[in-house]
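Please treat every number below as a calculation from the coordinates, not as lab data. Fair warning: this is a prediction, and the values are worked out from it, not measured in the lab. Heads up, the Cβs are rebuilt from the backbone with ideal geometry, glycines too, and the neighbour counts pull from every protein chain shown.
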Amino acid sequence: MPATAFSASAAASAAASAPSQARSLPPQQNVPDLDAGGEEKTVDYPPDGQRYNQPSSISIQAPPYTRITGLDLRCTGMSCPVQIAPDGRSATAQGSASTWDFLYPFTVHVVADIDAPLAGGTFTGSFTLNGVTQPLTVNIKPGIQGIIAGNLRNTSPPGGGVRVLAVDPGSNTQAAGLQPGDLIVEVAGTLTPTVNDLDNVLRGKRSGATYPVTVRRAGALVTLQIPLDPEP
């Protein structure tokens, strides 16, 4: 018999005579450690082994700085379509059977965003089954401070932007198109009149995260998408 969390019951007559009662969704079995920008991990909610005499309804809110990429309900004998929001921040599912057995785990697939806080930490969303809610908790691992890899200097006098004297060979910064002679004037929507301002914008941002960097080049403004390099 295939594994099924939502198993439509064939014993409809017996279920019809069974009294309706509140169920408790068991808490998640595992708390995954996620690498920001890394591969997806799973969270399992174990079955309670009970028969439900009402259609099923699931609603999930992803923990902060994460996205839902999949939801395995292991349905058989009934329809239970899953809908995941385009941004992955939430998901819903509905079961079509009015009587079903909760026999196998629900599995939520999650990934951590590359722009998660540098320090990482524990973050919690929610998993709700028929009005009963349990936390959906993940750990996000600490990251490495990101930088724009090159020799950067203030203009003279300071305040006109950050001059690029050289770009580190083989770096993400070089691959993204930053060039010696460019004048960095804005990063991630914030003006950078000095190196200190640039450092403040990048502080706490992870290596690997991509941000728009606007430079003045040959009298024109050019915006580059630069994945930050790891701080040495």
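List of remarks:
- Both radii come from the Cα set of region 6-140: Rg as radius of gyration, Rh as Kirkwood radius; their ratio Rg/Rh reads 1.03.
- Neighbour-count order for TYR65, TYR45, fewest beta carbons within 10 angstrom listed first: TYR65, TYR45
- Between THR155 and THR133, the contour length at 0.36 nm per residue exceeds the alpha carbon distance by 2.3 nm.
- Model label zone, SER59; criterion: amide N under 14 Å from point 7 Å along Cα-to-beta-carbon; scope region 120-146: 126-134
- Over all other residues within a Cβ to Cβ distance under 12 Å of VAL43, the charged ones net out to -3, with Lys and Arg as +1 and Asp and Glu as -1.
- Relative contact order (%) - criterion: Cα under 8 Å, at least six apart; region: region 36-127: 47 percent
- The largest-to-smallest principal axis extents of the Cα set in region 37-93 are 40, 21, 18 Å.
- Neighbourhood net charge (11 Å Cβ-Cβ; Lys/Arg +1, Asp/Glu -1) for ILE148: -4
- In plain terms, the bigger the Kirkwood radius, the slower the diffusion; for region 146-230, with that radius from Cα pairs, at 4 °C and 1.567 mPa s, Stokes-Einstein puts D at 105 µm²/s.
- A helix-only calculation puts the chain at -2000 deg cm²/dmol for mean residue ellipticity at 222 nm, using -39500 (n - 2.57) for each DSSP H run of at least four residues, averaged over all residues.
- Calculated over the chain, the projected area of the Cα convex hull averaged across directions stands at 15.5 nm².
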